[in-house]
Amino acid sequence: MPSVKIAKKSTDTDMTPFVDIAFLILSFFIMATKFKPPEPVEIKTPGSVLSQKLPESNAVMITVDSSNRVFFSVLSDKDKTKYDLIIQGINSSQNLGLTPAEMSNFKQTYAVGVPFGGLKQLLGTAAADQGRLKQTGIPVLDSANNQLYWWIAESKKAFGGEELKFLIKGDGQSKYPTFEAVVSALKRNEEFKYNLVTSLDDVPAGSDFDKMNKRIK
Amino acid sequence: MASIDSGGEGGGGHKKGPGVKKAKKLSTRVDMTPMVDLGFLLITFFVFTATMTTPTTLDLNMPKDIKDEKEQTEAKESGVLTIMLGKGNQVYYYEGKLTVDASGNNFKQTTFKGIRDVIINKKKDVISRHVHDETCKKTQEKSKDKKDPLWEDACKDRDFIVVIKPDTEATYRNTVDILDEMTINQVRTYAMVKILDQEVELIKATEATNNVK
């Protein structure tokens, strides 16, 4: 009896294209990933409907964490001499007596969150170990001793005529008086434009802002 | 899978003789499985660590502190809405001037959900009472020249001013939320002002009756 022979098909699939694509995606992610710089504290920023991008250079970032501590950091990737100018200015105006080694450590310091008195200890510690130090925050609430004023004044001097943006990154849980004190330190420096760092929220449908966006489109 | 084929039988013309030992043919196929495994492991890692949410910014312009009363901006009482922020995400507001007398007061309490309607209604109210005049026409023409798609609305809401007064218990999130509310509802004129003692007392009293923690 002649039987019908069913051709045996191989169950092996050619995986080559699949693996190709996988590695393509892998290379994309490797190149596109930009690691977050280490932050002294975790900040949960409040949401806002505005989608403006954050400036990444030529900016001063003032961070307020959930327990109302104030941190000061400078963002200047292109010109590292700005860091030296700022810390030298602070050193001479406050008579801190920092050594050159301590001052050059300011470049590596991600954020300063200590009063002037604690600056020597903070900058005397290697950047990698600074996370273990307890930073109390820059004093701002006492208007007679608003030390943030000096930091801003020195950064303004260091950047000279260049454009300098002021970023305020506050934790949603921080209290308003601290924010007000930060703003008053900026105001005393004749700075009236700030960028508040937020995360993106959806625009409520039907609101006036939504209508305007649609009309522009 | 990807493999490199060896030339098979020697095509070079070597003669096969009885004395030539046949070399054992080794497979040139490489097992790619571990490499692919590792590849996928890396993909998963990078997918998870990739931060797709880029932070955005909200612009805030503060006015210079003007001590001279003559230089301060005057606001029409009918167009002012004062919003105060208290603890526990509570919002308090009043329209025009704060009046507290025996007949009751215009100090009201709401939440962040409710404040949007208050702003929208107040804006509508101010626009409906708008009187068109020459200066207004000029403002409209100016924004028309600038190709503003909303040039017709350019001055209708000029009397609408929102005064924001966060108290000491308000959080930063509340402050940003209310500033965001200004953008959402397209309030052109708003200001952040220090809260008055009288208002703080009213907030405290309301908090006590509503048992806000």
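The values are calculated or read from the model by the stated rules, or taken from the named source; none is laboratory data. No experiment lies behind these values; they were computed from the predicted model shown. Reconstructed Cβ throughout: ideal geometry from the backbone, glycine too, with neighbour counts over all protein chains shown.
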*Counting just the residues of the stretch A:87-105 that are within 15 Å of residue A:152 (Cα to Cα) and crowded, with 20+ Cβ neighbours inside 10 Å, which one comes out farthest from the chain's Cα centre (by Cα)?*
A:91
_Checking the conditions here, which among B:106, B:89 is on the phi > 0 side of the Ramachandran plot and modelled with pLDDT of 75 or more?_
B:89
*Go over the candidates B:138, B:156 one by one and state the one that is out of contact with any helix residue (DSSP H, G or I) (no Cβ under 9 Å at 6 or more places or on another chain) and over 22 Å from residue B:89 (Cα atoms).*
B:138
*Given the conditions (1) within 11 Å of chain A (Cβ to nearest Cβ); (2) part of a loop (DSSP other than H, G, I, E, B), and given that residue B:176 satisfies all but one, which numbered condition is not satisfied?*
(2)
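State yes or no: is residue A:172 of a type outside the set (Val, Ile, Thr) and in contact with a Ser or Thr (Cβ under 8 Å, 6 or more places away or on another chain)?
The answer is yes for residue A:172.
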*Go through the stretch A:166-217 residue by residue and tally those that are basic (Lys, Arg), surrounded by 19 or more Cβ atoms within 10 Å (Cβ to Cβ) and more than 7 Å from chain B (Cβ to nearest Cβ).*
1
_Please go through the stretch A:116-166 and give me each residue that is in contact with a Pro (Cβ under 8 Å, 6 or more places away or on another chain), closer than 14 Å to residue A:178 by Cα and modelled with pLDDT under 85, ordered by number._
A:145
*Is it the case that some residue within the stretch B:176-186 is in contact (Cβ under 8 Å) with a residue 12 or more places away in the chain, more than 24 Å from residue B:79 (Cβ to Cβ) and surrounded by fewer than 18 Cβ atoms within 10 Å (Cβ to Cβ)?*
no
*Among the candidates B:70, B:22, residue that is at pLDDT below 80, over 35 Å from the mean Cα position of the chain (by Cα) and part of a loop (DSSP other than H, G, I, E, B)*: B:22
_Selection within the stretch A:38-93 - in contact (Cβ under 8 Å) with a residue 24 or more places away in the chain and among the basic types (Lys, Arg)_ = A:44, A:69, A:80, A:82
*When only residues in the stretch A:57-86 that are among the β-branched types (Val, Ile, Thr) and under 14 Å from residue A:138 (Cβ atoms) count, which is farthest from the chain's Cα centre (by Cα)?*
A:86
*Of everything in the stretch A:110-135 that's polar (S, T, N, Q) and either in contact with a Gly (Cβ under 7 Å, 6 or more places away or on another chain) or crowded, with 20+ Cβ neighbours inside 10 Å (or both), which residue is farthest from residue A:76 (Cα to Cα)?*
A:135
*aromatic (Phe, Trp, Tyr), under 30 Å from residue A:44 (Cα atoms), within 22 Å of the chain's Cα centre (by Cα) and in a helix (DSSP H, G or I) - does that describe any residue in the stretch B:190-197?*
no
